[in-house]
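All of the numbers you see were taken from the coordinates with simple rules; none came from a lab. Not measured: the values here are computed from a predicted model. Backbone-built Cβ (ideal geometry, glycine too); neighbour counts: all protein chains shown.
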Amino acid sequence: MTNSSTPTGYDVAVLGGGVAGCVLAARLSEDPGRSVCLVEAGPDHGPRPADWPRKVLDARALPRDDVWERHGAAHRIRARILGGSSCINGAWNTWGSHADHAEWTRAGGERWSATALEPYRLRAMERMGLRAVPDDELSVWASAALLAARDLGHEEVDMAAPGPPGCGRPLLNAVDGLRFNAAFAYLDPATRSRPNLTILGDALVDRLDIRSGRAHGVRVVLGGRQVTLTADTYVLACGTFGTPTVLMRSGVGPAAHLKEHGIRCEVNLPGVGADLSDQPGVFVPLSPTRELNAALAAKEADGKLYVSRMLIRAASAYCPDGSWDLHLLPTAGPPLFGGLPPGQYEAGVSVFLMKPASRGHVRLRSADPAGPPEIAPALLTDPDGRDIAIVRSGLEQVEELASAMKSLAAPRAGTPAHALPDDELRSRVGTYWHPVGTCAMGPAGDPRAVVDGQGAVHGVAGLRVVDASILPTVPAANTQLPVLAAAEMLAEALTT
Ligand SMILES: Cc1cc2nc3c(=O)[nH]c(=O)nc-3n(C[C@H](O)[C@H](O)[C@H](O)COP(=O)(O)OP(=O)(O)OC[C@H]3O[C@@H](n4cnc5c(N)ncnc54)[C@H](O)[C@@H]3O)c2cc1C
């Protein structure tokens, strides 16, 4: 499937073939006069879904084969495959609040406003074939949660558009249980047949050659050999965990940290790898009744059991009026990790903090491109304790919702989750898998800024970053659709 013509001398080299990378490669190669090379560390399974691993297609579960670390902690999960994390994710699509756009326009200018991004949001939705959750994919649990949410005063809203808080179903890039990933959507057979597009799978980006404030080439490990690929413009799209490590290996990052690893500092940018932001979540398990287990078993036998198909955008006491800072997510089905005896399922409700204040980091453990980086999400660690207070407030709302559904699953004995001591709450925290912020955009004068509003790296000509890492704050949403829309917008910005 890979076009392996001589890997050098392109107009644009897109480094990282994930969600943003697939958008960039497709849009930039629309002009037949522009040669584009897409470089992805993971495999390219080609244009025909029939040639892809079954697990990657099955939208009923989160596959964990095509990832960077098979046995790492949950917060380290990231895809290594053409199509990126859209091949292993929940295929949910939601949009954030007006507060997100206010934060992004402050950092990157008007192109990040809700109005300016709107055409790109619509373009991405169309290309990904997004559609609403059909009725027959709602389990008894999801249907009961929708009714309970309405009874508790949550209005039904469009989850994939800017708007008020409320409840509803997300939009899906999955049809009849098949996950339609960004590689299918953007690198379809017609796009792949363009003579000006080269796709290199199983090609690991090591580092860029940066001298005198310009990118001159990129070192790639391809078929066990080191090759140098050249282009007029390099666009990094290796994701929130991958992109800062490539920059640091290339000598762009915090000078002291580069020195620790014997890397010559070309541009001192302290923001590279800093300010990692992800949405923490706590799951409240309930005890399913025999009736709920039987209903879920029947749904599974029918091939239509999806663990979650509705959500609530809810507000804590800390949230500005008209917005939301929590997602409440009722789930019922096989556990995400581990197993239960046949006919038994896990049911409960998770709360996710959508606008965390806590910040972590990504750093190198070594200068070896094959070595795993240090990833410290630092969830619920902000010094003011604001994040944990909002999670507690969300847990009270979870308990209220669960109480309204107790005929299907009973609350468990013991201290209610909202009243647990801080340490115990932190020990239960997981992630929503929406990390951003490690190459944040901002004006050149901002010491934490890595790129400008068009993704151009401060201090390096011919180098851009276009992926989730440039978002300075995580939206009050799942991040796939915002990243798709941002990549659509920045692909256009690159060519005009
Ligand atoms: C388990 C999980 C579940 C999720 N569920 C949802 C969901 O339901 N809805 C939602 O909206 N969002 C979800 N997300 C988040 C969403 O998938 C991401 O926000 C989105 O994929 C980010 O796009 P990206 O292009 O920045 O990175 P990615 O899509 O992760 O792509 C990065 C790509 O770069 C490649 N790469 C990295 N380093 C190198 C290198 N050195 N050389 C070559 N290639 C490299 C990787 O292999 C990968 O293909 C989920 C994420 C995960 C991990």
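A few comments on the model shown:
- With the gyration tensor restricted to C-alpha atoms of segment 25-88, the semi-axes of the equivalent ellipsoid amount to 26, 15, 9 Å, longest first.
- Rounded to 0.05, the FRET efficiency of the residue 448 and residue 256 pair, given R0 = 22 Å and the Cβ-Cβ distance, is 0.90.
- Counting only lysines at least 8 places from residue 55 when in the same chain, those with an alpha carbon closer than 30 Å to its own are 299, 304.
- Three-way shape call for segment 156-282 based on the alpha-carbon gyration tensor, with the a/c threshold at 1.5: oblate
- Span-rule helices in the chain, defined as complete DSSP H runs reaching 18 Å or more along the axis (Cα) with Kyte mean at least 0.0: 386-404, 480-495
- With at most 13 neighbouring Cβ atoms within 10 Å, loop GluC sites (Glu not before Pro) (DSSP) excluded, longest segment of the chain: 156-496
- Put a plus charge on the Cβ of each Lys and Arg, a minus charge on the Cβ of each Asp and Glu, and nothing anywhere else: the dipole of the chain about its Cα centre is then about 1020 debye.
- Reciprocal mean inverse distance between Cα atoms of segment 79-187 - Kirkwood radius, Å: 15.7 Å
- Across segment 267-281, no residue has a backbone nitrogen under 11 Å from the label position 7 Å along the beta-carbon direction of residue 367.
- Applying Stokes-Einstein at 20 °C and 1.002 mPa s to the Kirkwood radius of the chain, computed over alpha-carbon pairs, gives a translational diffusion coefficient of 93 µm² s⁻¹.
- Approximate shape of segment 173-241 as ellipsoid semi-axes (Cα gyration tensor, √5λ), whole Å, largest first: 29, 15, 13
- Summed residue charge, Cβ within 13 Å of residue 199's Cβ, Lys/Arg positive, Asp/Glu negative: -2
- Per-selection metrics, segment 374-496 (Cα): Rg and Dmax in Å: 19.8, 62
- Rounded FRET efficiency, nearest 0.05, which uses the C-beta distance separating residue 337 from residue 152 and R0 of 45 Å: 0.90
- Relative to its Kirkwood radius, the Cα radius of gyration of segment 357-437 gives an Rg/Rh of 1.12.
- In this entry, segment 288-350 is assigned a mean projected area of 5.5 nm², taken as a quarter of its C-alpha convex hull surface.
- Calculated over segment 1-151: convex hull of Cα atoms, volume per residue (Å³): 194 Å³
- Two-site label geometry, residue 55 and residue 400: point separation in nm, points 7 Å out along Cα→Cβ: 4.1 nm
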